[in-house]
Ligand SMILES: [Zn+2]
């Protein structure tokens with residue numbers, strides 16, 4: 001590599017034109033070897049949004065929303081589908097059963113690719129028939145195995161937001177049951193005691209998704225939407241509305257007749273917002289929601305510059321009505337002494353938190369801390385998911401007992417599933 005001293009010397013004695021000629025080949029040789037980076041599986045797989053459905057075309061309940069987040073918010077999305085839809089109809093050929101499953105898997109992969117989604121996984125459960133019963137679906141699919149498979153995918157893909165279907169007892173039983181499994185997996189994936197063999201034998205870590213939404217496009221069944229995502233807005237990167245992007249993708253589901261149903265431009269009935277309801281969250285819940293990704297960085301955004309705030313619960317779970325100690329550690333990395341600080345901890349309604357700390361000083365470079373006692377809520381969210389709770393009680397009796405009796409210890413988390 002030529003040194004900069006060489007270049008300066010050349011610059012003194014030759015004209016600007018000559019210098020340009022000399023610098024050009026220098027720039028090429030200066031690149032030398034490519035630099036190695038420490039790539040991890042997170043670089044390949046870490047997703048922001050994970051959709052969990054039962055059949056290959058179930059992602060149509062959130063297609064326009066995923067297009068918005070992937071194309072224009074820089075989000076990475078993935079899709080998990082329980083079956084390959086081999087029990088459905090076929091509008092394009094004579095394939096039935098497993099052969100139809102091959103067709104429908106191809107359609108889903110093509111549709112998702114139109115949205116920039118390359119990560120599509122299948123649980124390989126059987127699309128055995130149309131049923132309105134989640135319990136009957138459990139008889140065919142089982143409980144532990146599909147639940148463990150979803151937990152594994154949460155732990156490997158590390159989604160911040162999980163979107164699944166409506167588990168309420170209406171509509172297709174496969175939809176209800178996959179939503180129930182996706183919900184239970186939400187509460188188990190972060191627990192090292194759940195499916196511990198995945199940690200011990202597959203060397204993966206627990207992962208807690210931050211928010212869980214139910215897509216209501218196939219029927220709300222008593223659940224009120226908590227957030228609506230418009231579809232009739234233009235994508236600034238794709239120069240089309242999200243409804244058009246949705247239609248272009250979903251027309252790939254030709255075996256299901258979607259090429260006839262999703263015309264471009266979309267008819268007025270396809271321009272209504274996609275609706276979701278927040279089913280669970282480990283983040284503070286705003287009064288009004290307008291964004292599935294809201295709150296994921298709020299803690300960072302609100303922190304002053306050059307300070308670090310750590311909140312450390314003594315336990316991951318706390319039983320309803322129980323208490324847990326929470327340490328709050330504050331470090332001042334700035335260049336200004338921060339004096340007379342008071343540390344306090346906020347929690348959602350229904351939780352109790354001990355009083356703010358006495359005034360403390362945090363000069364430059366110092367760390368201060370306080371310990372709070374946090375009391376778990378006693379079923380505050382009973383009014384939020386009445387239908388879901390009924391659905392959850394119908395099947396899957398083993399692990400859920402443990403889940404129901406647990407509430408989150410982490411501040412900012414509402415009471416658990418029950
Ligand atoms: Zn379906």
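Below is a table of values for the structure above.
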read-out: Selection from the stretch 309-319 of residues that are surrounded by fewer than 18 Cβ atoms within 10 Å (Cβ to Cβ) and modelled with pLDDT of 75 or more; value: 311, 312, 314, 315, 319
read-out: Residue 132 vs. criteria in contact (Cβ under 8 Å) with a residue 24 or more places away in the chain, surrounded by fewer than 24 Cβ atoms within 10 Å (Cβ to Cβ) and either within 16 Å of the ligand (Cβ to nearest atom) or not assigned by TED's automatic domain parsing to the domain that holds residue 108 (or both); value: yes
read-out: Yes/no for residue 117 being more than 30 Å from residue 244 (Cα to Cα), in contact with a strand residue (DSSP E or B) (Cβ under 8 Å, 6 or more places away or on another chain) and at pLDDT 95 or above; value: no
read-out: Selected residue (criterion: surrounded by the most Cβ atoms within 10 Å (Cβ to Cβ)) from residues of the stretch 209-244 that are in a strand (DSSP E or B) and free of Cβ contacts under 8 Å to residues at least 12 places away in the same chain; value: 240
read-out: Any hit, the stretch 148-164, residues being within 16 Å of the ligand (Cβ to nearest atom) and surrounded by 24 or more Cβ atoms within 10 Å (Cβ to Cβ); value: yes
read-out: Any hit, the stretch 212-220, residues being in contact with a helix residue (DSSP H, G or I) (Cβ under 7 Å, 6 or more places away or on another chain), within 18 Å of residue 79 (Cα to Cα) and away from the ligand (no atom under 16 Å from the Cβ); value: yes
read-out: Residue in the stretch 173-182 that is within 16 Å of the ligand (Cβ to nearest atom), assigned by TED's automatic domain parsing to the domain that holds residue 61, at pLDDT 95 or above and surrounded by fewer than 23 Cβ atoms within 10 Å (Cβ to Cβ) present; value: yes
read-out: Residue match in the stretch 72-80 (condition: assigned by TED's automatic domain parsing to the domain that holds residue 216, in a helix (DSSP H, G or I) and touching a strand residue (DSSP E or B) at 6+ places or on another chain (Cβ under 9 Å)); value: yes
read-out: Complete set of residues in the stretch 29-61 that are under 18 Å from residue 177 (Cα atoms) and either outside the structural domain of residue 276 (by TED's automatic domain parsing) or assigned to a loop (DSSP other than H, G, I, E, B) (or both); value: 54, 55, 56, 57
read-out: Residue match in the stretch 89-111 (condition: touching a residue at least 60 places away in the same chain (Cβ under 8 Å), surrounded by fewer than 21 Cβ atoms within 10 Å (Cβ to Cβ) and within 14 Å of the ligand (Cβ to nearest atom)); value: yes
read-out: Residue satisfying all of: in the stretch 39-86; over 24 Å from residue 240 (Cα atoms) and surrounded by fewer than 20 Cβ atoms within 10 Å (Cβ to Cβ); farthest from the ligand (Cβ to nearest atom) among these; value: 39
read-out: Sole exception among (1) under 20 Å from residue 119 (Cα atoms); (2) out of contact with any strand residue (DSSP E or B) (no Cβ under 7 Å at 6 or more places or on another chain) for residue 194, by number; value: (1)
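The values are calculated or read from the model by the stated rules, or taken from the named source; none is laboratory data. Note that this is a predicted model, so its numbers are computed, not measured. Every residue, glycine among them, receives a Cβ derived from its backbone with ideal geometry; neighbour counts consider all protein chains shown.
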